[in-house]
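These notes are about the structure you will find just below.
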Amino acid sequence: MRRHVTAYGFLSAALVVFAVFSWYPIVRGVVLSFQQVNFVTSPDWVGWENFERLFADPLFGVAWRNTLYFTLLALVLGFGVPFLTAVVLNELRHAKGYFRLLVYLPVMLPPVVTALLWKWFYDPGPGLFNSVLRGLGLPTSQWLDSADTSMISLVLVITWANMGSATLIYLAALQTIPGELYEAADLDGAGIVKKVWHITIPQTKFVILMLLLLQVVATMQVFTEPFIMTGGGPEESTVTVLLLLYRYAFYYNDFGTASALSLILFAVLGVFSFLYLKITKKADA
Amino acid sequence: MRTLTRGTGPAYWIVLIGTLVLFTAAFLLPLVWVLLGAFKPPAELAQQPPTILPRTWEPGAYVDAWNYMDLGRFFLNTFVVAIGAWAVQMAVIVPAAYALSKLRPIFGNVVMGLMLATLMLPSTAILVPVYLTLTDLDLLNNPAGIWLPAAANALNVYLLKRFFDQIPEELLEAARIDGAGTWTTLVRIVLPISRPILAVVSIFAVVAAWKDFIWPLLVFPDPAKQTLSVALQRFAPDTPINLLLAGLVLASLPMVALFLAFQRHILAGLTAGGVKG
């Protein structure tokens, strides 16, 4: 008995913090989705009105389309590039420390710093990227200033800033592949592409799948970069779900509709998070 | 160990040099470009094609940026937020993980399960209700508004618990026979053994707090209380570009220094999050 009392004494601070800032807000978020909040009178129950308002908002569809487009681009780049980088780095026996240091350096920069730096690089006039392109005699781009390229520009920033973690996690996974597998493949006369396809990828598929899901969850919540670099423009081409949520909550003070949007986002992401936990448990066992 | 290729021939050296050039260009040059950019006067920064080395060196930009944006204040605010977030999180999760791992109370598994369930929840899905709860508790413009929600970190509870689980029971039993209480056992036996995992969790807690943007943006409407990230994005539109660049460099220095100092811990900690091959 005393053991249980002591244990809950040790747990008490965590229980309070989780209850107030995690468990209770989950419940409150669901409740808020069906309420109208104005801080003056007590909240009114409004049924599905908040959801109806969302579905009637043309930006709702735009925000989801943008977010899915963003997630797709971020997967192609943010998933493919780190994996290939890790495969190449795993073959190199020189300057290992230098590569690891460099690829992880951007991860340490505050996202606001990265976003403001890249905004300066993207400047269509004297910006770094167009200057380099001009210097090489190549066509320049409007980058963030055109609705056609704004999203891919954001994806480039995010990939640059975050690929360090994924690369190093893949690298750690690659190092657990038994060398005999490659030796056996050599005896069979397999080429590099064949070996990657038949050995490297299958041997690391848990890690690949896990990072893939984590990345979907993270990219669908993208906020800082569009908030700072484009504010959702041009022509609403970079309004993401979270940016729309922020507008509802903090521009229009419509916390009910913002919560309804959270709930929808949660339902979508919940599926991915659930799969992630399932896979981690399996890999952990 | 054998890997994909066995290369030592010319192909290996070409790939090595190519990767060196590519990595340096992609990750180092942009940062050098900013570092140099801050030394150039605004007129030189606007000219095309750009100068590579500053034609006129203006090292004063770093001092001017510090004064113009009052960076000292925001450094202090960020420092308080980050160190406090670390201290509060440790004070909350270390005893909790210890209780769940070694004291194993009734319903302990249920508690751990409820904590882990919050991991399925994207942090932004509870943005609005947490914000309203902070408002109710009058925690806006108060660093505790960052510290307390950050302490509810289920992943770190889990990482600590998993590490504590591996500490042999006999060690704790021996301490108990010597008359050590539960608290003494935690401080004298468990914590010293757990230094590696504590280092990893601590570093990541500080880095996460320093990098965070959306929470400080919501919690600190008062400009005087803001963190560096929030202040920099507020100053960005009407700050001369050379001063802004200098400010961005200065704001990054603590994290870069931390990385260089604890590189091994940080890179090892990356794979501690339950990721295996």
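The values are calculated or read from the model by the stated rules, or taken from the named source; none is laboratory data. Everything quoted here is computed from the prediction, not taken from an experiment. Because the Cβ atoms are built from the backbone with ideal geometry, glycine has one as well, and the counts that use them run over all protein chains shown.
Would you mind finding the one in B:251, B:209, B:257, B:199 that is assigned to a helix (DSSP H, G or I) and farther than 17 Å from residue B:86 by Cβ?
On the way: B:209 fails: farther than 17 Å from residue B:86 by Cβ; B:257 fails: farther than 17 Å from residue B:86 by Cβ; B:199 fails: farther than 17 Å from residue B:86 by Cβ.
Being assigned to a helix (DSSP H, G or I) and farther than 17 Å from residue B:86 by Cβ holds for just one of B:251, B:209, B:257, B:199, which is B:251.
Being of a type in the set (S, T, N, Q) and free of Cβ contacts under 8 Å to residues at least 24 places away in the same chain is the filter; apply it to segment B:127-184 and report the residue that is nearest to residue A:16 (Cα to Cα). Give the derivation first.
Residues of segment B:127-184 that are of a type in the set (S, T, N, Q), as a first pass: B:133, B:135, B:141-142, B:153, B:156, B:166, B:182, B:184.
Subset that is free of Cβ contacts under 8 Å to residues at least 24 places away in the same chain: B:133, B:135, B:166, B:184.
On the way: B:133: 13, B:135: 17, B:166: 27, B:184: 24 Å.
The extreme case among them is B:133.
From A:240, A:230, A:224, grab the single residue that is of a type outside the set (A, V, I, L, M), crowded, with 20+ Cβ neighbours inside 10 Å, modelled with pLDDT of 85 or more and more than 15 Å from the chain's Cα centre (by Cα). Let's see the steps before the verdict.
Details: A:240 fails: more than 15 Å from the chain's Cα centre (by Cα); A:224 fails: more than 15 Å from the chain's Cα centre (by Cα).
Only one candidate qualifies: A:230.
For residues that are assigned to a helix (DSSP H, G or I) and out of contact with any helix residue (DSSP H, G or I) (no Cβ under 7 Å at 6 or more places or on another chain), tally how many sit in segment A:154-193.
Pass one, segment A:154-193, residues assigned to a helix (DSSP H, G or I): A:154-174, A:179-187, A:192-193.
Next cut, out of contact with any helix residue (DSSP H, G or I) (no Cβ under 7 Å at 6 or more places or on another chain) only: A:156, A:172, A:179-180, A:183-184, A:186-187, A:192-193.
The total comes to 10.
Residue check, residue A:237 against (1) in contact with an Asp or Glu (Cβ under 9 Å, 6 or more places away or on another chain); (2) closer than 27 Å to residue A:103 by Cα; (3) not in a helix (DSSP H, G or I), all met but one. Which one?
(2) is the only condition that residue A:237 fails.
Looking at B:116, B:121, B:132, B:198, can you tell me which residue is assigned by TED's automatic domain parsing to the domain that holds residue B:92 and touching a Gly at 6+ places or on another chain (Cβ under 8 Å)? I'd like the intermediate steps shown before the answer.
Working: B:116 fails: touching a Gly at 6+ places or on another chain (Cβ under 8 Å); B:132 fails: touching a Gly at 6+ places or on another chain (Cβ under 8 Å); B:198 fails: touching a Gly at 6+ places or on another chain (Cβ under 8 Å).
The conditions single out B:121.
Regarding segment A:208-217, can at least one residue be identified that is out of contact with any Leu (no Cβ under 8 Å at 6 or more places or on another chain), more than 26 Å from residue A:96 (Cβ to Cβ), more than 8 Å from every other protein chain (Cβ to nearest Cβ) and touching a residue at least 40 places away in the same chain (Cβ under 8 Å)? If you could, list the steps in order and put the result at the bottom.
We begin by selecting, within segment A:208-217, every residue out of contact with any Leu (no Cβ under 8 Å at 6 or more places or on another chain); these are A:208-211, A:214.
Then drop every residue that is not more than 26 Å from residue A:96 (Cβ to Cβ), which leaves A:209.
If we keep only those that are more than 8 Å from every other protein chain (Cβ to nearest Cβ) too, we end up with A:209.
Next, only the ones that are touching a residue at least 40 places away in the same chain (Cβ under 8 Å) stay: A:209.
Checked against the condition, which is being out of contact with any Leu (no Cβ under 8 Å at 6 or more places or on another chain), more than 26 Å from residue A:96 (Cβ to Cβ), more than 8 Å from every other protein chain (Cβ to nearest Cβ) and touching a residue at least 40 places away in the same chain (Cβ under 8 Å), segment A:208-217 yields at least one hit.
Please pick out the residue among B:231, B:246, B:268 that is of a type in the set (Gly, Ala, Ser), at pLDDT below 90 and part of a helix (DSSP H, G or I). Lay out the reasoning, then the answer.
Details: B:231 fails: at pLDDT below 90; B:246 fails: at pLDDT below 90.
So the residue among B:231, B:246, B:268 that is of a type in the set (Gly, Ala, Ser), at pLDDT below 90 and part of a helix (DSSP H, G or I) is B:268.
If I go through segment A:223-243 residue by residue, how many of them are within 12 Å of chain B (Cβ to nearest Cβ), of a type in the set (A, V, I, L, M) and closer than 24 Å to residue A:50 by Cβ?
Residues meeting the conditions: 3.
Please tell me if residue B:125 is surrounded by 24 or more Cβ atoms within 10 Å (Cβ to Cβ), within 8 Å of chain A (Cβ to nearest Cβ) and over 19 Å from residue A:36 (Cα atoms).
On the way: surrounded by 24 or more Cβ atoms within 10 Å (Cβ to Cβ): yes; within 8 Å of chain A (Cβ to nearest Cβ): yes; over 19 Å from residue A:36 (Cα atoms): no.
In short, no.
Any residue at all in segment A:91-98 that is within 11 Å of another protein chain (Cβ to nearest Cβ), at pLDDT 90 or above, closer than 21 Å to residue B:260 by Cα and part of a helix (DSSP H, G or I)?
Yes, the conditions are met somewhere in segment A:91-98.
Among the residues of segment B:103-116 satisfying the criterion of being in a helix (DSSP H, G or I) and within 9 Å of chain A (Cβ to nearest Cβ), which is surrounded by the most Cβ atoms within 10 Å (Cβ to Cβ)?
Step one: filter segment B:103-116 for residues in a helix (DSSP H, G or I), giving B:103, B:108-116.
If we keep only those that are within 9 Å of chain A (Cβ to nearest Cβ) as well, we get B:103, B:108, B:111, B:114-116.
Details: B:103: 20, B:108: 18, B:111: 21, B:114: 16, B:115: 25, B:116: 15.
Per the criteria, the residue is B:115.
Which members of segment A:249-285 meet the condition of being facing chain B (nearest Cβ under 7 Å), over 21 Å from the mean Cα position of the chain (by Cα) and closer than 19 Å to residue B:215 by Cα? Reasoning before the result, please.
So in segment A:249-285, the residues facing chain B (nearest Cβ under 7 Å) come out as A:249, A:255, A:258-259, A:262, A:265-266, A:269-270, A:273-274, A:277, A:280, A:283-284.
Subset that is over 21 Å from the mean Cα position of the chain (by Cα): A:249, A:255, A:283-284.
The answer is A:249, A:255.
Quick check on segment B:35-69: of everything there that is of a type in the set (D, E, K, R) and free of Cβ contacts under 8 Å to residues at least 60 places away in the same chain, which residue is farthest from residue B:215 (Cα to Cα)?
If we filter segment B:35-69 for residues that are of a type in the set (D, E, K, R), which is where we start, we get B:40, B:44, B:55, B:58, B:64.
If we keep only those that are free of Cβ contacts under 8 Å to residues at least 60 places away in the same chain as well, we get B:44, B:55.
Details: B:44: 37, B:55: 41 Å.
Checked segment B:35-69; the qualifying residue farthest from residue B:215 (Cα to Cα) is B:55.
Only residues that are assigned to a helix (DSSP H, G or I) and surrounded by fewer than 15 Cβ atoms within 10 Å (Cβ to Cβ): list them for segment A:1-56, please.
Step one: list which residues in segment A:1-56 are assigned to a helix (DSSP H, G or I), which gives A:2-32, A:49-56.
Result: A:2, A:3, A:5, A:12, A:16, A:19, A:27, A:31, A:52, A:55, A:56.
Go over the candidates B:222, B:212 one by one and state the one that is away from every other protein chain (no Cβ under 12 Å), within 25 Å of residue B:149 (Cα to Cα) and acidic (Asp, Glu). Walk me through it before giving the result.
Numbers: B:212 fails: away from every other protein chain (no Cβ under 12 Å).
Result: B:222 is the single residue among B:222, B:212 that is away from every other protein chain (no Cβ under 12 Å), within 25 Å of residue B:149 (Cα to Cα) and acidic (Asp, Glu).
Working only within segment A:194-227, note down all residues that are within 23 Å of residue B:232 (Cβ to Cβ), out of contact with any Pro (no Cβ under 8 Å at 6 or more places or on another chain) and assigned to a helix (DSSP H, G or I). Before you say what the answer is, go through the steps one by one.
Kept after step one, since they are within 23 Å of residue B:232 (Cβ to Cβ), are these residues of segment A:194-227: A:218, A:221-227.
Now narrow it down to the ones that are out of contact with any Pro (no Cβ under 8 Å at 6 or more places or on another chain): A:218, A:222-223, A:226-227.
Scanning segment A:194-227 gives A:218, A:226, A:227.
Return yes or no: is residue B:146 in contact with a Lys or Arg (Cβ under 9 Å, 6 or more places away or on another chain), of a type in the set (Val, Ile, Thr) and crowded, with 21+ Cβ neighbours inside 10 Å?
Values: in contact with a Lys or Arg (Cβ under 9 Å, 6 or more places away or on another chain): no; of a type in the set (Val, Ile, Thr): yes; crowded, with 21+ Cβ neighbours inside 10 Å: yes.
Criteria not met by residue B:146.
Which helices (runs of 4 or more DSSP H) sit wholly inside segment B:10-80 and have at least 3 residues that are loosely packed, with under 15 Cβ neighbours inside 10 Å and either out of contact with any strand residue (DSSP E or B) (no Cβ under 9 Å at 6 or more places or on another chain) or among the aliphatic types (A, V, I, L, M) (or both)? Give the derivation first.
Details: elements: B:10-23, B:29-37, B:42-45, B:60-68.
In segment B:10-80, B:10-23, B:29-37, B:60-68 are the helices (runs of 4 or more DSSP H) which contain 3 or more residues that are loosely packed, with under 15 Cβ neighbours inside 10 Å and either out of contact with any strand residue (DSSP E or B) (no Cβ under 9 Å at 6 or more places or on another chain) or among the aliphatic types (A, V, I, L, M) (or both).
Picking from A:161, A:86, A:115, which residue would you name as being surrounded by 20 or more Cβ atoms within 10 Å (Cβ to Cβ), farther than 29 Å from residue A:227 by Cα and under 24 Å from the mean Cα position of the chain (by Cα)? Even if it seems obvious, please write down each step before you answer.
Details: A:161 fails: farther than 29 Å from residue A:227 by Cα; A:115 fails: farther than 29 Å from residue A:227 by Cα.
Among A:161, A:86, A:115, only A:86 is surrounded by 20 or more Cβ atoms within 10 Å (Cβ to Cβ), farther than 29 Å from residue A:227 by Cα and under 24 Å from the mean Cα position of the chain (by Cα).
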